[in-house]
1. If the chain between Leu46 and Leu92 were fully stretched, how many nm would it gain, using 0.36 nm times the residue separation less the Cα-Cα distance?
2. Students often check this: by mean Cβ neighbours within 10 Å, which of 239-247, 225-233 ranks highest, and how do the rest follow?
3. So which of Lys29/Lys217; Lys14/Lys112; Lys112/Lys198; Lys195/Lys311; Lys186/Lys251; Lys112/Lys306 end up more than 25 Å apart, counting from Cα to Cα?
4. Could you tell me the convex hull volume per residue, in Å³, taken over the Cα atoms of segment 198-292?
5. Over what distance in Å are the Cα centres of segment 59-118 and segment 183-245 separated?
6. Okay, helix-only estimate at 222 nm for the chain: each DSSP H run of n ≥ 4 adds -39500 (n - 2.57), divide by all residues, round to 500 deg cm²/dmol; what do you get?
7. Show the residues, 5+ positions off or on another chain, whose built amide H is closer than 5 Å to the amide H of Ile9.
8. Give me the aspartates and glutamates in straight-line cross-link reach of Lys147: C-alpha distance below 14 Å, same-chain residues under 8 apart excluded.
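Every number here is computed from the coordinates shown, using simple stated rules; none is lab data. In this text, all values refer to a predicted model and were calculated from it rather than measured experimentally. Every residue, glycine among them, receives a Cβ derived from its backbone with ideal geometry; neighbour counts consider all protein chains shown.
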Amino acid sequence: MSETVVSGIRPTGKLHLGNYFGAVQNFLKFQEAHPCYFFIADYHSLTTHPTPEDLGGSVYRVFAEYLALGLDPEKCTLYLQSDVPEVAELYLFLNMNAYLGELERVSSFKEKVRSQPNNINAGLLTYPVLMAADILIHHGTRVPVGKDQEQHLEMARTFGNRFNRMYNTEYFKEPFAIGSDEGLVKVPGLTGGGKMSKSAGEADNIYLDDEPEVLRKKIMRAVSDSGPAEPGSAKSQPVQNLFDLMALVCKPDVIAHFDETHKNGTIRYGDLKKQLAEDMETFVAPLRSRIQDMLNNKELVTKAAKRGAEKARESAAKTITEVRSMMGFRGF
Ligand code: ADP
Ligand code: TRP
């Protein structure tokens with residue numbers, strides 16, 4: 001079956017190494033093989049009430065970063081959600097058949113009710129409806145997102161199927177996540193915990209535009225063990241994290257060397273981190289410089305966004321025309 005790939009990216013500041021290996025690399029792969037719609041979910045970000053300055057700044061930044069990292073406006077459709085008003089119209093239509101009970105049961109919504117009880121707006125409640133509109137508007141079938149989005153995708157299937165039933169059609173296809181069995185990587189953070197995440201703070205993250213000295217310091221301060229483990233013992237979580245990071249950027253013989261010294265109890269974590277910092281810098285340097293160039297190239301970024309909006313609107317307008325007609329908005 002031919003696939004159409006759709007994914008939204010929240011404009012939340014700069015990209016870290018986890019975003020690169022966990023998301024961007026998948027996008028780069030998909031754009032070579034399938035029709036792809038990648039967009040900055042700026043309508044969605046209104047649920048947290050950013051100032052116009054913050055919203056505009058972070059949308060520009062994320063868009064430029066994705067371009068710099070290789071998303072190609074000729075190969076994929078890269079656009080801003082807010083440039084495609086048809087999405088808002090489909091959201092309105094889908095909202096008419098989205099029920100309070102099912103929306104209130106969504107985990108991400110319940111989480112917000114717990115964490116910010118005094119700021120629960122209708123946008124948060126209907127977040128999954130807007131996300132369904134994002135996907136269905138292009139007839140998306142594959143959605144490269146993390147596991148936390150699984151429930152939202154289930155809702156997108158529900159809303160699409162409900163529309164199909166109501167209007168006696170097979171118009172919308174079912175979208176599915178790219179599952180964990182399809183080579184998803186998890187990049188660990190530097191503070192010894194689970195995955196690298198913005199919410200874990202500056203010291204946990206390697207940002208793609210970290211300056212060399214910042215990068216080196218962060219890695220040298222990464223959590224490890226205080227001394228070598230007993231020969232033959234298993235790696236602790238923080239040490240395993242460092243090896244996982246090495247696997248992303250170091251040569252196999254370097255990894256084999258530290259593996260060996262870990263096994264025989266002679267490993268020096270200072271040496272390991274020094275090597276990791278060096279190889280990380282080699283990996284990040286070209287990305288950093290491409291990001292900086294792109295951020296400064298407003299003309300190119302603006303042109304790409306315009307081209308993306310045109311392509312996205314073409315696909316979205318077709319869907320909306322067909323949907324309106326199926327629903328009975330047919331003019332006189
Ligand atoms: P964060 O957790 O830092 O807030 P986001 O939730 O904005 O990151 O993630 C954006 C994309 O990057 C998602 O597709 C997510 O699956 C991916 N991603 C984020 N962190 C990691 C990580 N540590 N390892 C792999 N992929 C990640
Ligand atoms: N909710 C997604 C996230 O938090 C972002 C998103 C919005 C999205 N619309 C989408 C992802 C449509 C995939 C498809 O990461």
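1. Fully extending the segment from Leu46 to Leu92 adds 14.9 nm.
2. 239-247, 225-233
3. The answer is Lys29/Lys217; Lys195/Lys311; Lys112/Lys306.
4. Given the Cα convex hull of segment 198-292, per-residue volume reads 91 Å³.
5. The two parts, judged by their Cα centres, are 31 Å apart.
6. -17000 deg cm²/dmol
7. Amide H to amide H, under 5 Å and 5 or more residues apart or across chains, Ile9 pairs with Phe39, Ile40, Ala41.
8. Asp181, Glu182
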